[in-house]
Amino acid sequence: MLKLKSPHEVKELQLCLEASETTRPCISVCAGSGCCASGAENVLQALRRELEKRGLQGTIDVKSTGCHGFCEKGPVMIVWPEKVFYNGVSQSDAKDIVNSVTNGHKPVEKLLYKDPNTGQRVLHEHDVPFYARQQRILFGNNGKIDPKDIRDYIKVGGYSALGKVLTDFSREQVVEAVKCSGLRGRGGAGFPTGMKWEALRRSTVRPRYIVCNADEGDPGAFMDRSLLEGNPHSVIEGLIIGAYALEAEQAYVYVRAEYPLAVEHLHAAIEQARTAGLLGENILGSGMDFRIHLVQGAGAFVCGEETALLASIEGRVGEPHPRPPYPVQKGLWGKPTVINNVKTWASVPVIINKGADWYASIGTERSKGTMVFSLVGKINNTGLVEVPMGVTLREMIYEIGGGIPKEKKLKAIQIGGPSGGCIPASMIDLPIDYEALTQAGSMMGSGGMVVMDEDTCMVDVARYFMEFLEEESCGKCFPCREGTQRLKEILNRISRGKGEESDLDLLDDAGWMIKETSLCGLGQTAPNPVLSTLRYFRDEYLTHIREKRCPAKVCRELIVYQIDETICDGCHACVRVCASDAVLGEKDKAHSIDSGKCIKCGACLEVCQPKAVLVH
Amino acid sequence: MPHVEMEKVEPLLEQYEPQRINLIPILQDVQETYRYLPQEVLRRISQKLRVPLTEVYQVATFYRCFSLVPRGKHVIQVCLGTACHVRGAPRVLDRILLDLKMAGPGTTNDLQFTVETVRCIGCCGLAPVARVDNKNTHPHLTQAKVGGLLKKYQDKAEASRTAKPDEASHAEA
């Protein structure tokens, strides 16, 4: 691609790309990590082979795009220009899909989404209940553009916000716009972005750095990954605008090593942006110089904490240090540094293009704009969801999420990763915004939302998070290092039926102590999963302690597997899968379980068709 | 301990400015090349970057990506993210360990497999998942699927051993 020399040339290129758009059909296949794991690569290959076989390469395009969000139904695709939405596609469907395009776009019925409420097939993405209630201002372009082709991004208006800023905005005006938009940090804590930027501008120290935190460590969250994979240029554009406003010449993007595809796409995007004159020296003829460095994490949850992340970029162990000084005062190599999350940076071009007032009109009084959640766990429609702040949990779970599988009862919603907490089903009408979630004992976090049903044990969930945090605590400060270990020990004790009632007070006391005295955000929020489950699910703890029973039948040492001989049809499936030869009985005769040998792995329960395996 | 091919280190180091900021990227490259961080190589890095060996060691042991002992030919990462956890990942992990006759995550004696746990690879929609060799993601795992999963890579391992006897003998040396 030729080097663009001015904002005007970006605009011209966009118009030119728009004009060259033909009515040629295009099959956009989601090739995000989720759909790829479901076989999207094979579907893409099959489609290309089919087109080649029939000599249709120049007539129908095939495009691999980023994540469309509906991971549950992957691989998904959209056929343009009719915008027909297909789900659960496999490579054997390639022929039918191509046929339908060549035969006047008669859709392939069996690949259309079936609305479980009405039983009707749905033609378009926006009619699918999962998408209908969303407002996709960050993720909307994911299904349209090829993340590896900068021209696709420019065609949908990409880099026009940068053009606007370079021609019409002073640096102060950019900061003002971000401030007025009400944008708050999307990484978790929700600090107002405009205020952070203003604080940096007050510093006279040079050079200044900006950093994009893409160390999305919260288990159960994959929004940042999907944005980097599907639309890396939106993040790059946000960074360039930030660099202009903050007079920074260099940025670092710190990406988790666990996200190889995101790294690949971002790397390619940075190269393309450089070739196009959007990065490097004299960007778009403005005299501004700016470079972006890509840094890969090496697997440490604590590096999501900003001071630890900076240490890691510098090549040191990722240990946090006390704030103040904040990174805006003393950041990377002791210089003023602004760190924002991936989604925060990607929101910046939207704010510039659509206006701060427009952005501020979305959401609630104190939480503006949209929030992206990964809706996962015991939910029918798992995937990525972008909604205006303030929607209720009920809308999320039942309208967008399609409810709980197998008619089970909703028990709790875990929001905010290990720093967050569990909100009980009784609070389902809670609106989602920063303050409401914090008051409920959880937090917005980076947007992981894990749905739990009656088969999830809350003691086990608390134990799980403590195990995670104990492992990930960097060990620098005592309360976090020792405290998480002690909490885990107590929870282990309870889940084995060896807890005492006084343990609950101990959990509570120790939890508050860790919260108050830890050095960084990791420790200060670490007890949240314990404290919130204690607050809302105390009875479940007590059942473990008093009755030595796990109501959700999860805690291994408190359950026994049995086979109901009146139901068992002797199919032998459980015998084959049993890891410890604990299932006894001949084929076609009722089986039984030798509880002495049983290791309670639950494999028999998984495979039993007639549901003869019982858990007590 | 296998023989360390030191001749691979210099070309790798030459790609980087000898600065501290490059310590982690260099260690990542070394990890990828050798499948672990050999002691001799860490000494060389320390010398070249002028970073004390204790600090190189500190970084090498702090981050989860690095290993000071050789890893297996195939690395199975079992995701223990929250979504995978509530959908049964711990049981899948146990079954993998049981089938490979391992007491806990680590490397098999024949250096064919390394089993490790990761906290979320961002495929929560397909939980529980495991990723093999950093590229093949296996969705919706159950205990019943574990046998087939391992067999797939065991076969590949066998096949590559017959195809490239030299390489295989190194791995086993």
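The values are calculated or read from the model by the stated rules, or taken from the named source; none is laboratory data. Being a predicted model, the structure only gives us computed values, none of them experimental. Reconstructed Cβ throughout: ideal geometry from the backbone, glycine too, with neighbour counts over all protein chains shown. Accessible surface areas use protein heavy atoms only, side chains included; no ligands, DNA or RNA. Shrake-Rupley method; radii C 1.70, N 1.55, O 1.52, S 1.80 Å.
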**Asked** What number of residues within the stretch A:33-70 are within 14 Å of chain B (Cβ to nearest Cβ) and open to solvent by less than 10 Å² (accessible area, probe 1.4 Å)?
**Response** 8
**Fill in**
Counting only residues in the stretch B:8-37 that are surrounded by 15 or more Cβ atoms within 10 Å (Cβ to Cβ) and free of Cβ contacts under 8 Å to residues at least 24 places away in the same chain, the one nearest to the other protein chains (Cβ to nearest Cβ) is identified as B:21
**Request:** Taking only the stretch B:84-134 into account, find how many residues are within 11 Å of chain A (Cβ to nearest Cβ) and of a type in the set (S, T, N, Q).
**Result:** 2
**Test for residue A:98: is it in contact with a strand residue (DSSP E or B) (Cβ under 8 Å, 6 or more places away or on another chain) and assigned by TED's automatic domain parsing to the domain that holds residue A:64** = no
**Prompt:** Taking the stretch A:513-527 as the search range and keeping residues that are outside any helix (DSSP H, G or I) and of a type in the set (A, V, I, L, M), which one is surrounded by the fewest Cβ atoms within 10 Å (Cβ to Cβ)?
**Reply:** A:519
**Request:** May I ask you to list the residues in the stretch A:227-251 that are open to solvent by less than 20 Å² (accessible area, probe 1.4 Å) and within 14 Å of chain B (Cβ to nearest Cβ)?
**Result:** A:227, A:228, A:229, A:230
**Prompt:** For residue B:47, are the conditions met, namely being at pLDDT 95 or above, at the interface with another protein chain (Cβ under 10 Å from one of its Cβ atoms) and open to solvent by 20 Å² or more (accessible area, probe 1.4 Å)?
**Reply:** no
**Message:** Can you pull out every residue in the stretch A:382-419 that is assigned to a loop (DSSP other than H, G, I, E, B) and either open to solvent by less than 10 Å² (accessible area, probe 1.4 Å) or under 23 Å from residue A:363 (Cα atoms) (or both)?
**Reply:** A:382, A:389, A:390, A:391, A:401, A:402, A:403, A:416
**Asked** Out of (1) without any contact (Cβ under 8 Å) to a residue 60 or more places away in the chain; (2) surrounded by 15 or more Cβ atoms within 10 Å (Cβ to Cβ), the odd one out for residue A:6 is which?
**Response** (1)
**Request:** Quickly run through the stretch A:544-569 and pick out the residues that are farther than 18 Å from residue A:613 by Cβ and at pLDDT 95 or above.
**Result:** A:544, A:545, A:546, A:547, A:548, A:549, A:551
**Request:** Would you point out which residue out of B:40, B:55 is at the interface with chain A (Cβ under 8 Å from one of its Cβ atoms) and surrounded by fewer than 22 Cβ atoms within 10 Å (Cβ to Cβ)?
**Result:** B:55
**Asked** Quick check: is even one residue across the stretch B:30-40 over 29 Å from residue A:476 (Cβ atoms), outside the structural domain of residue B:109 (by TED's automatic domain parsing) and outside any helix (DSSP H, G or I)?
**Response** yes
**Prompt:** Can you pull out the residues in the stretch A:459-475 that are within 11 Å of another protein chain (Cβ to nearest Cβ) and either open to solvent by 40 Å² or more (accessible area, probe 1.4 Å) or among the aliphatic types (A, V, I, L, M) (or both)?
**Reply:** A:461, A:463, A:467, A:469, A:471
**Asked** Here are some residues: A:444, A:427. Which one is more than 14 Å from chain B (Cβ to nearest Cβ) and either surrounded by fewer than 20 Cβ atoms within 10 Å (Cβ to Cβ) or charged (D, E, K, R) (or both)?
**Response** A:427
**Complete:** Residue pairs within 9 Å by beta carbon, gap of at least six or interchain, first lying in the stretch B:68-83 and away from every other protein chain (no Cβ under 12 Å) and acidic (Asp, Glu), second open to solvent by 10 Å² or more (accessible area, probe 1.4 Å) and outside any loop (DSSP other than H, G, I, E, B), listed first then second, are none
**Request:** Find the strands (runs of 3 or more DSSP E) located wholly in the stretch A:49-128 whose residues include 3 or more that are out of contact with any Pro (no Cβ under 8 Å at 6 or more places or on another chain), and list them.
**Result:** A:61-65
**Candidates A:104, A:88, A:119 - the one that is within 21 Å of residue A:144 (Cα to Cα) and without any contact (Cβ under 8 Å) to a residue 24 or more places away in the chain** = A:88
